[in-house]
Amino acid sequence: MAAKLGNEEHPPEIIIGKFKGVDAIVDFLHECGHLQDATSTRTAISAENYYVENFFNKDANDHSPERMKALSERSTAVIQSERNAWAYALRNTRKLEQQFGINIIEQMGGVSDVVKYVNSFLDKYEKSTIATELEYLGFPIYTPQDAEKIMKEFAA
Ligand SMILES: [Zn+2]
């Protein structure tokens with residue numbers, strides 16, 4: 001699933017694939033979260049685009065403060081936007097459960113499995129965007145925590 005913010009010409013849109021199971025409800029609410037939180041979604045998209053346009057796939061030896069700042073801002077904005085969307089999804093999952101007497105979280109294996117599910121996505125964003133780029137720039141990354149530590153140094 002994916003969400004697209006709307007503009008004056010196009011309404012907001014959620015692209016839905018196959019409904020494979022109860023997880024799809026939470027995924028759907030996650031995408032709704034992105035649409036509900038347009039400011040944070042736009043910040044993430046623009047930080048992402050700025051980095052891609054100016055630095056992505058360019059000189060791997062360029063560790064200039066501008067590049068590292070742009071990467072750090074992209075990391076922070078994307079993770080923030082994803083966390084917000086998951087928080088929205090979980091809040092509204094609870095609401096649906098109460099409102100309709102359905103059991104979504106229980107069917108996903110309970111709270112701790114849902115937390116694992118969400119964290120697997122957050123880890124994926126960190127690995128696919130931040131850690132991959134840091135590796136490209138020659139930083140040794142073994143865990144998501146390594147990437148986070150490096151990004152914190154540049155955010156300071
Ligand atoms: Zn998302």
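For a quick check: sort 100, 55 by the number of other beta carbons within 10 angstrom, fewest at the front.
Ranked by crowding around the Cβ, least crowded first: 100, 55.
Set Lys and Arg Cβ to +1 and Asp and Glu Cβ to -1, take the dipole of the chain about its Cα centre, and tell me which of 105, 119, 57 lies farthest positive.
It is 105, whose Cα lies furthest towards the positive end.
Rounded to the nearest 20 Debye, what is the dipole magnitude of region 58-107 about its Cα centre when Lys and Arg each give +1 and Asp and Glu each give -1 at the C-beta? Numbers along the way, then the final one.
Numbers: 8 positive and 7 negative charges, 33 e Å.
Around 160 debye, computed over region 58-107.
Could you name the lysines in cross-link range of residue 4, using Cα to Cα under 29 Å and dropping any fewer than eight places away on the same chain?
Those lysines meeting the cut-off are 18, 20, 58, 69, 95, 116, 124, 127.
May I ask for the distance between the Cα centers of region 73-98 and region 131-156, given as a whole number of Å?
So the separation of the two Cα centres works out to 23 Å.
Determine, from the Cβ-Cβ distance of residue 80 and residue 106 and an R0 of 30 Å, the FRET efficiency 1/(1 + (r/R0)^6), rounded to the nearest 0.05.
FRET efficiency, residue 80 to residue 106: 0.55.
Once R0 is set to 35 Å, what does the formula 1/(1 + (r/R0)^6) return for the Cβ-Cβ distance between residue 9 and residue 87, expressed as a FRET efficiency to the nearest 0.05?
E between residue 9 and residue 87, to the nearest 0.05, is 0.70.
Using all alpha carbons of the chain, what is the percent of pairwise distances in each 5 Å bin, ordered from the shortest bin to the longest?
2, 9, 16, 18, 17, 14, 12, 8, 4, 1, 0, 0
Show me, for region 97-105, the HN-Hα J-couplings you get by feeding each phi into the Karplus relation (A = 6.51, B = -1.76, C = 1.60, θ = phi - 60°), rounded to Hz, glycine and proline as x.
My calculation for region 97-105 gives 4, 5, 5, 10, x, 9, 10, 8, 4 Hz in order.
Spelling out what I want: for every residue of region 146-155, take phi, set θ = phi - 60°, compute 6.51 cos²θ - 1.76 cosθ + 1.60 (Karplus), and round to whole Hz; glycine and proline get x.
4, 4, 4, 5, 4, 5, 5, 4, 7, 6
Within region 1-54, which trypsin sites (Lys or Arg not before Pro) sit in a loop by DSSP and count at most 12 neighbouring Cβ atoms inside 10 Å?
Details: sites: 4, 18, 20, 42; in loops: 18, 20.
Those that pass, being in a loop and sparsely packed, are 18, 20.
With charges only on Cβ, +1 for K and R and -1 for D and E, what is the dipole size of region 1-102 about its Cα centre, in debye, rounded to 20?
360 debye
Once you place label points 7 Å from the Cα toward the Cβ at residue 96 and residue 24, how far apart are they in nm?
The modelled label-to-label distance comes out at 1.1 nm.
Please list, in order along region 33-43, the HN-Hα scalar couplings obtained from phi with the Karplus expression 6.51 cos²θ - 1.76 cosθ + 1.60 (θ = phi - 60°), rounded to whole Hz, x for Gly and Pro.
Running phi through 6.51 cos²θ - 1.76 cosθ + 1.60 with θ = phi - 60° gives x, 4, 5, 5, 10, 4, 4, 5, 5, 5, 4 Hz.
Calculate the FRET efficiency for residue 149 and residue 1 from the Cβ-Cβ distance with a Förster distance of 30 Å, rounded to the nearest 0.05.
Computed FRET efficiency for residue 149 and residue 1: 0.45.
Measuring from a point 7 Å past the Cα of residue 123 along Cα-to-C-beta, which residues in region 24-41 have an amide N at less than 17 Å?
none
Listing 23, 62 from the residue with the fewest other Cβ atoms within 10 Å to the one with the most, what is the order? Walk me through the numbers before you get to the answer.
Values: 23 14, 62 11.
Fewest to most other Cβ atoms nearby, the residues stand as 62, 23.
Can you put 125, 117, 142 in order of Cβ neighbours within 10 angstrom, beginning with the fewest?
142, 117, 125
Since every read-out is calculated from the coordinates, none of them should be taken as a lab result. Every value quoted in this text rests on a predicted model; they were computed, and no experiment measured them. Glycine also receives a Cβ, built like all others from the backbone with ideal geometry; neighbour counts cover every protein chain displayed.
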